[in-house]
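Student: One structure is given below, represented as structure tokens, and several questions about it will come after.
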Amino acid sequence: MLIKILLCQTLNKIMYRRYTLEEVKRKIIDVLQNNVTGLSGVEISSETGINRMTITKYLDVLYTIGLIKKKKVGSVNVWFLETGVTEFEFPINTLEVQQKFMNAIMIADQNQAYRIIMNIINSNIEKIRILTEVILPSVNTLNEIYNRGRMGVTQRISLLNIISEIIDSLKLNIRPDKMKANAHAISVVGSEDLISYAKIGSVSLHILGWDSLYIGNVENFIDPFFDIDFQRYVAKVWNDKRGSMIIIIYSSEESSLRFLSATTKSIQGKLKAEIKTVLMTTADLLSISETTGGSYVAKDIQSLIEWTNNQYRTEMR
């Protein structure tokens, strides 16, 4: 009787085993990489050892995120890998991923660049590293190529827009493990060249559990009345929230940097909130930033992340 009970328990564990998306993805990509003619769902189930109901569900997921494609043959769906999909070895080598991502960006292959990111997004890699070790270095490289005169302004704008759209997709596809209580951040841009950095910073805070809002580039809207509009918007966003708010200003233009800093400073006395201002700018304006009365001047995204985390831990004590 005991043997029968143990056997039933073992069978139940086998029948109801739950797979992670990463496990199934690796198995499916592995079998499809070795079969250029494609496989049906039944064949993939047989090759992977995963039951048909489970494999069908995950095939639809991988199809939705663009890692596989299907072709209708009669009444059967035949599945193939999307062009260029690569299964990265574990642990993930972010340098390898970054190089492949950068290569796709340089030839303006948005689909391939997106698939590379989607290919690792459900792995065990820390999600913040996708931004700081894959996307951010790619933005830096593009800007360096442009600054050296090896890329025209139109191409730079086009490629940065591709990256920008991928960053936007990350916020939709990555959920924080845990939201931080009473931790709010607003990112605002005062010069076009720092838009990508602002988006990376904003999504990084989102991944780390902040209530993170990205306003966008307001450079062309700054006038004598804009400070009132900006203050009203921040007050509306704050509403009845509690805790503290960090307003992060990204700008390489001195005029917009000073204006937004002064506007943010004036908000502090009008809201029942503890507001801190972080400035992100170029090396040329660092000395100016330090005189604007901000709470912190971040030299790069990494220092911004470290400061905000330390700030939150200090306030929670």
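Student: Subtract the Cα-Cα distance of Val61 and Glu274 from 0.36 nm times their separation in residues, and report this length gain in nm to one decimal.
Tutor: 72.4 nm
Student: Distance check, please: which entries in Lys127/Lys199; Lys178/Lys272; Lys127/Lys241; Lys241/Lys265; Lys25/Lys178 exceed 22 angstrom between their Cα atoms?
Tutor: Cα-Cα > 22 Å for Lys178/Lys272; Lys127/Lys241; Lys25/Lys178; rest within.
Student: Restricting to Cα atoms and excluding each atom paired with itself, what does the Kirkwood estimate give for the stretch 147-288 in Å?
Tutor: About 16.1 Å for the stretch 147-288.
Student: Turning to a different aspect of this structure: Helix 2-15 sits at what angle to the longest principal axis of the chain, using alpha carbons and giving 0 to 90 degrees rounded to 10?
Tutor: Between the helix axis and the principal axis of the chain, the angle is about 60 degrees.
Student: Using the alpha-carbon atoms, what tilt in degrees (0 to 90, nearest 10) does helix 21-33 show relative to the longest principal axis of the chain?
Tutor: 60 degrees
Student: Any idea of the accessible area per residue across the stretch 230-297, 1.4 Å probe, to the nearest Å²? Write out the running numbers ahead of the final one.
Tutor: Details: 3390 Å² over 68 residues.
Roughly 50 Å² per residue, with all protein chains present.
Student: Kindly express, to the nearest 10 degrees and within the range 0 to 90, the angle between helix 153-173's C-alpha long axis and the longest C-alpha principal axis of the chain.
Tutor: 60 degrees
Student: What FRET efficiency would be calculated for the residue pair Tyr19, Asn103, taking the C-beta separation as r and a Förster radius of 51 Å, to the nearest 0.05? Numbers along the way, then the final one.
Tutor: On the way: r = 31 Å, r/R0 = 0.62.
The computed FRET efficiency comes out at 0.95.
Student: Another question, then. Please give the per residue volume of the convex hull enclosing the alpha carbon atoms of the stretch 139-229, rounded to a whole number of Å³.
Tutor: Expressed per residue, the convex hull around the Cα atoms of the stretch 139-229 is 106 Å³.
Student: Starting from the amide H of Ile186, placed 1.01 Å from N in the peptide plane, find each other amide H under 5 Å away whose residue is 5 or more places distant or on another chain.
Tutor: Hits under the 5 Å cutoff: Leu213, Ile246, Ile247, Ile248.
Student: Show that you can apply the helix-only estimate: for the chain, add -39,500 (n - 2.57) for every DSSP H stretch of four or more residues, divide by all residues, and state [θ] at 222 nm to the nearest 500.
Tutor: Dividing the helical sum by the residues of the chain leaves -16500 deg cm²/dmol.
Student: Starting from the Kirkwood Rh over alpha-carbon pairs, what translational D in µm² s⁻¹ does the stretch 121-165 have by Stokes-Einstein at 37 °C and 0.692 mPa s? If you can, show how the numbers build up before the last one.
Tutor: Details: Rh = 11.5 Å.
D, rounded to a whole number, is 285 µm²/s.
Student: On alpha-carbon atoms, Rg over Rh for the chain using Kirkwood Rh?
Tutor: Using Cα coordinates only, the ratio equals 1.08.
Student: Hey, another quick one. Carbon and sulfur: what percent of the stretch 35-184's accessible surface (1.4 Å probe)?
Tutor: Of the solvent-accessible surface of the stretch 35-184, carbon and sulfur hold 48 percent.
Student: When the Cα atoms of the stretch 235-317 are enclosed in a convex hull and the volume is divided per residue, what value in Å³ results?
Tutor: So the per-residue Cα hull volume is 95 Å³.
The values are calculated or read from the model by the stated rules, or taken from the named source; none is laboratory data. All of these numbers come straight from a predicted model, not from anything done at the bench. Neighbour counts run over all protein chains shown; Cβ positions are idealised from the backbone, glycine included. Note: accessible area is taken over every heavy atom of the protein model, side chains too, but ligands, DNA and RNA are not part of it. Shrake-Rupley method; radii C 1.70, N 1.55, O 1.52, S 1.80 Å.
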